[in-house]
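Undergrad: Sharing a structure here in structure tokens format.
Values in this text are rule-based calculations from the coordinates and carry no lab data. Quantities reported herein were computed from a predicted structural model and do not represent experimental measurements. Here Cβ is always computed from backbone atoms with ideal geometry, including for glycine, and neighbour counts include all displayed protein chains.
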Amino acid sequence: MKPETMMIDDIKYVRADAVKRDVIEFTGEATVASSMIGKNVLVRSRNEGINAGTVELADDTGVILINCRRIWYHKPLDKNLSWYEGVAQTGLDEKSKVSGTVDRKAIIEDYSMTECTSNAFKSIMELKPNAQN
């Protein structure tokens, strides 16, 4: 008999076949990628660039983000930091450019995830979206 729930980092995950699809779920096999489920992250991939969102599901084939947006151009809020790791730590400078927010996005390719601080994620999600010209 399989357990219906599992605790990872004080977050309760529910097995996919135990509930409806509208909850963040744990697939049943703990992996490095699955340890990020439920966390607010930056995801970097070759074709999709940098995206910010909450991890719904992750494994070696890809990642599904909810409440997410693409970051087109980024500058960390703290000028002493660099790259997207600086964004994950302190948030986005007002000169950065982001897309509007989408409910759900699948990135199906090699990717990396960087966990965001709560203040950084708030900064990313509250930045006014830019239209693509």
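Undergrad: Rank Ala106, Asn80, Ala58 by how far each Cα sits towards the positive end of the charge dipole of the range 37-126 (+1 on Lys, Arg Cβ; -1 on Asp, Glu Cβ) and give me just the farthest.
TA: The residue sitting most towards the positive pole is Asn80.
Undergrad: Short version: ³J(HN,Hα) in whole Hz for each residue of the range 43-48, in order, from phi by Karplus 6.51 cos²θ - 1.76 cosθ + 1.60 (θ = phi - 60°), x for Gly and Pro, what are they?
TA: With coefficients 6.51, -1.76 and 1.60, one gets 10, 10, 9, 5, 8, 9 Hz.
Undergrad: A follow-up question, please. Restricting the calculation to Cα positions, tell me the Rg (one decimal) and the Dmax (whole number) of the range 37-126 in Å.
TA: Cα only, the range 37-126: 11.8, 35 Å (Rg, Dmax).
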